[in-house]
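First comes the structure, then the notes that go with it.
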Ligand code: BES
Ligand code: MN
Ligand code: ZN
């Protein structure tokens with residue numbers, strides 16, 4: 001895990017403020033009233049905090065606004081960051097305020113003086129999420145050791161929420177690490193090894209190798225990886241925190257560790273971005289980590305299909321007809337529409353083996369979803385209004401954009417093939433919808449299902465509220481909450 005910041009909650013100790021070495025954050029509402037911690041810092045700095053307020057710097061300020069006093073006289077601290085936040089903020093504003101602090105924490109210790117703010121843990125969550133950096137390949141960057149202490153009223157009462165915070169932060173950071181990791185490092189084998197390590201958290205982790213996948217008949221998944229020297233794998237992660245008789249929720253992720261397009265080769269410009277094409281598998285892995293770390297009282301199984309899509313003398317060709325595990329045949333028109341070929345076999349296997357109460361797949365599936373929704377929302381496709389609504393509600397509560405898209409027979413008809421049961425692409429029109437329709441052909445009658453096309457949100461070129469440029473970890477918080485709402489309430 002790259003530079004995970006530890007987060008601890010302690011009682012307010014005003015006398016510790018003067019000597020604290022590191023960054024100190026104060027939380028001040030737009031009315032400018034200072035709590036005990038802020039008053040102490042103000043006194044020690046001979047009124048510097050009050051001058052910021054008198055100068056009008058916090059007037060009409062919104063959550064996320066921060067005013068920094070660098071190397072303040074009277075304190076050992078390197079900086080005092082004044083975070084603007086209402087006294088009774090909602091959770092998302094609290095995270096935003098925390099994030100504006102987390103972004104500034106570079107190295108060493110940081111102290112958040114939260115006092116009796118009702119959303120203390122949410123402020124800390126924002127800080128910890130935004131403090132993420134991916135630098136294992138920067139030789140000039142030393143190993144950073146960073147810690148966040150939160151001074152607050154009744155720290156022991158924050159511990160339950162704090163456990164969830166740490167679980168979410170670690171899960172999301174794992175997702176980001178996987179998504180940011182280049183494909184020469186994160187091979188299918190390395191990916192599976194990292195998941196196997198999660199057994200130490202109490203997850204059951206199985207790695208299905210190619211011979212096994214062949215026996216299972218996963219022809220469409222295997223055809224994607226057949227041009228690569230890296231072996232294709234399916235990893236099954238089971239979290240059994242619920243009653244033994246309860247069927248699990250299944251999460252299925254597309255794990256294309258690199259997508260060249262295969263024989264239908266992608267253009268060179270921007271191809272390096274396809275190192276994030278395992279984003280769906282990355283989110284599934286991160287959610288499983290979060291659930292295990294917080295000891296979720298629910299049964300959830302995460303399955304990821306790990307393959308590399310490469311051109312070679314052995315690669316699948318346009319025009320090839322492949323048989324899926326379900327038995328349906330697919331005419332591969334475009335080898336760059338590979339994600340659905342991976343997912344359909346893993347989805348079928350998930351239902352066949354686990355008979356799940358619901359199935360959610362995640363994939364960086366189509367460029368078309370970026371055309372449609374940009375980087376603000378993931379595309380949500382579902383055959384079940386109740387499950388879909390529950391997910392959209394969870395995503396909204398966590399501030400993760402999600403927008404429902406249509407499904408329908410007319411779109412499905414676009415997949416008709418002259419020589420096989422279906423083609424792997426529709427046409428130019430409605431590319432994200434026909435991709436989802438393809439997947440729906442592998443959803444059994446009666447399985448509530450959601451497909452999340454995260455091509456636009458998994459990794460971004462400009463920073464978001466809680467993440468720097470690069471992998472966002474989108475979906476870890478929403479899915480964790482969905483599990484909470486649906487299975488643990
Ligand atoms: N991995 C890509 C989709 C993608 C594009 C993800 C941009 C992230 C950013 C997927 O495998 C793909 O190549 N899809 C094709 C489908 C087409 C051939 C029908 C696409 O979107 O162009
Ligand atoms: Mn592709
Ligand atoms: Zn792809």
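Once the mean 1/r over all distinct Cα pairs of the chain is inverted, what Kirkwood radius in angstroms do you read off?
In the chain this quantity evaluates to 23.5 Å.
Hey, can you rank 267-277, 443-453, 77-87 by average C-beta count inside 10 Å, highest first?
77-87, 443-453, 267-277
Report the gain in length on full extension from residue 139 to residue 10: 0.36 nm times residue separation, minus Cα-Cα distance, nm rounded to one decimal.
42.9 nm
Can I get the semi-axes of the stretch 103-157's equivalent ellipsoid? Compute them from the C-alpha gyration tensor as square roots of 5 times the eigenvalues, in angstrom, largest first. It would help to have the intermediate numbers written out before the result.
Numbers: eigenvalues 147, 22, 12 Å².
That gives 27, 11, 8 Å for the three semi-axes.
Could you bin all the Cα-Cα distances of the stretch 6-158 into 5 Å bins starting at 0 and give me the percent of pairs in each, rounded to whole numbers?
2, 10, 21, 23, 22, 13, 5, 3, 1, 0
Could you tell me how many degrees, from 0 to 90 and to the nearest 10, lie between the Cα long axis of helix 385-397 and the main elongation axis, the longest principal axis, of the Cα atoms of the chain?
30 degrees
Let's test the formula: R0 of 35 Å, r as the Cβ-Cβ distance of residue 33 and residue 265. What FRET efficiency results, to the nearest 0.05?
Numbers: r = 62 Å, r/R0 = 1.77.
The formula returns an efficiency of 0.05 here.
Going by average Cβ neighbours within 10 Å, how do the peptides 161-168, 303-310 rank, with the highest at the top?
Per-residue mean Cβ counts within 10 Å order the peptides as 303-310, 161-168.
Tell me the angle of helix 120-130 to the major Cα principal axis of the chain, expressed in degrees between 0 and 90 and rounded to the nearest ten.
60 degrees
Calculate the spin-label point distance for residue 429 paired with residue 118, positioning each point 7 Å from the Cα along the beta-carbon direction, and give it in nanometres.
With each label placed 7 Å out from Cα toward Cβ, I get 5.2 nm.
Can you give the Kirkwood hydrodynamic radius for the stretch 416-489, in Å, rounded to one decimal and based on Cα pairs?
Working: mean 1/r = 0.0648 Å⁻¹.
Taking every pair of different Cα atoms in the stretch 416-489, averaging 1/r and inverting gives 15.4 Å.
For the chain, give the share of DSSP beta bridges that are antiparallel, in percent and rounded to the nearest 5; count only bridges with both residues there.
The antiparallel proportion sits near 35 percent.
For the Cα atoms of the chain, what angle does the longest principal axis make with the long axis of helix 431-440, in degrees from 0 to 90, nearest 10?
Its long axis makes an angle of about 70 degrees.
Determine, for each peptide in 251-258, 223-230, 459-466, the mean count of other beta carbons within 10 angstrom over its residues, then list the peptides with the highest first.
Values: 251-258: 30.5, 223-230: 21.8, 459-466: 17.4.
In descending order of packing, they fall as 251-258, 223-230, 459-466.
Would you calculate the convex hull of the Cα atoms in the stretch 346-489 and tell me its volume per residue in Å³?
116 Å³
Quote the relative contact order of the stretch 186-488 in percent (integer), defining contacts as alpha-carbon pairs under 8 Å separated by 6+ residues.
Numbers: 714 pairs, mean separation 63.3, N = 303.
Averaging sequence separation for qualifying contacts and normalising by length gives 21 percent for the stretch 186-488.
Quick note: the coordinates plus some simple rules give every number you see, no bench work behind them. Predicted model, so just to flag it, every value in this text is computed and none were measured. Backbone-built Cβ (ideal geometry, glycine too); neighbour counts: all protein chains shown.
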